[in-house]
Amino acid sequence: MVRATGKSEAVYERLKGDIESLRLRPGAKLSEIQLGEELGASRTPVREAIRRLAREGLVDFVPGEVARVAGISLGGVRALFDFRMLLEPEAAASVATAGTAREQTLAPFRELLERLDEFDTSFRALNAAEQERGYQGFYELTERFDQAVIAACRNPYLARTIGDLRSQTVRLRHLSHSGSRRMLTSLEEHRAMLKAITRGDAQAASAACRHHLAQTLQALIDSLTAQDFALGREVQLDIVG
């Protein structure tokens with residue numbers, strides 16, 4: 001039940017979390033009446049939350065129908081990652097360069113590298129069932145990394161644009177890390193980015209980020225083609241190459 005205080009924000013956060021975690025799957029209908037009953041909210045805060053999510057690209061409005069969770073298409077994923085390839089390697093390089101001039105900039109990244117090493121050791125000691133439940137710990141570390149890059153990036157326009165894409169990238173993260181093997185590979189990719197940043201190597205940080213994005217894109221393509229998602233008519237399976 002959503003409390004009256006901050007009801008619109010609470011409804012928004014709840015729906016956004018459900019969409020990003022894929023509890024609300026692509027194409028799912030978002031009925032204001034049904035959601036209001038489930039969340040204990042009137043239609044106004046539900047409508048406001050849906051419109052806010054639509055502005056972030058997480059909800060689509062279909063004429064004559066209720067709103068739906070935005071679909072995930074291979075073409076859309078590829079376009080998103082093409083854009084990310086232009087932005088995020090540059091941001092990683094910017095942070096590495098900034099760290100050579102101001103050591104304090106690197107403190108969050110040194111701490112994250114330590115936390116990642118600790119997580120790696122503890123995760124590998126778990127059995128398969130325990131590992132599946134442990135994914136959230138890795139998600140939290142990668143989110144901290146992404147937010148640290150945004151905070152330390154010296155170009156405010158670049159940082160803001162990357163931040164605006166977070167809702168889309170967080171939702172896709174649950175697809176790209178669909179198994180422990182990919183998650184551990186991603187862990188190594190984040191470790192490479194962190195090591196490059198903490199030693200102030202802008203070129204290596206950019207290259208490591210580019211490699212991570214390329215590997216993540218391939219994992220997403222593999223996951224999308226294997227799962228029962230509404231991919232859309234524009235899907236072209238030859239985009240892998």
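Couple of notes before you dig in:
- Among residues of the stretch 58-78, those that are surrounded by fewer than 16 Cβ atoms within 10 Å (Cβ to Cβ) and either in contact with a Ser or Thr (Cβ under 7 Å, 6 or more places away or on another chain) or β-branched (Val, Ile, Thr) (or both), counted: 2
- Odd one out for Val69 among (1) in contact (Cβ under 8 Å) with a residue 40 or more places away in the chain; (2) out of contact with any Gly (no Cβ under 7 Å at 6 or more places or on another chain); (3) among the β-branched types (Val, Ile, Thr): (2)
- Hits in the stretch 152-167 - residues which are within 25 Å of Ala219 (Cβ to Cβ) and open to solvent by 40 Å² or more (accessible area, probe 1.4 Å): Thr161, Asp164
- Glu32 being of a type outside the set (S, T, N, Q) and either closer than 22 Å to Val170 by Cβ or touching a residue at least 60 places away in the same chain (Cβ under 8 Å) (or both): no
- Set Glu114, Glu88: member being surrounded by fewer than 19 Cβ atoms within 10 Å (Cβ to Cβ), within 25 Å of the chain's Cα centre (by Cα) and at pLDDT 95 or above: Glu114
The values are calculated or read from the model by the stated rules, or taken from the named source; none is laboratory data. Keep in mind that what you see is a predicted model, and the values were worked out from it rather than measured. Counting neighbours? That spans all protein chains shown, and the Cβs are built from the backbone with ideal geometry, glycine included. Ligands, DNA and RNA are excluded from the accessible area calculation, which covers all protein heavy atoms including side chains. Shrake-Rupley method; radii C 1.70, N 1.55, O 1.52, S 1.80 Å.
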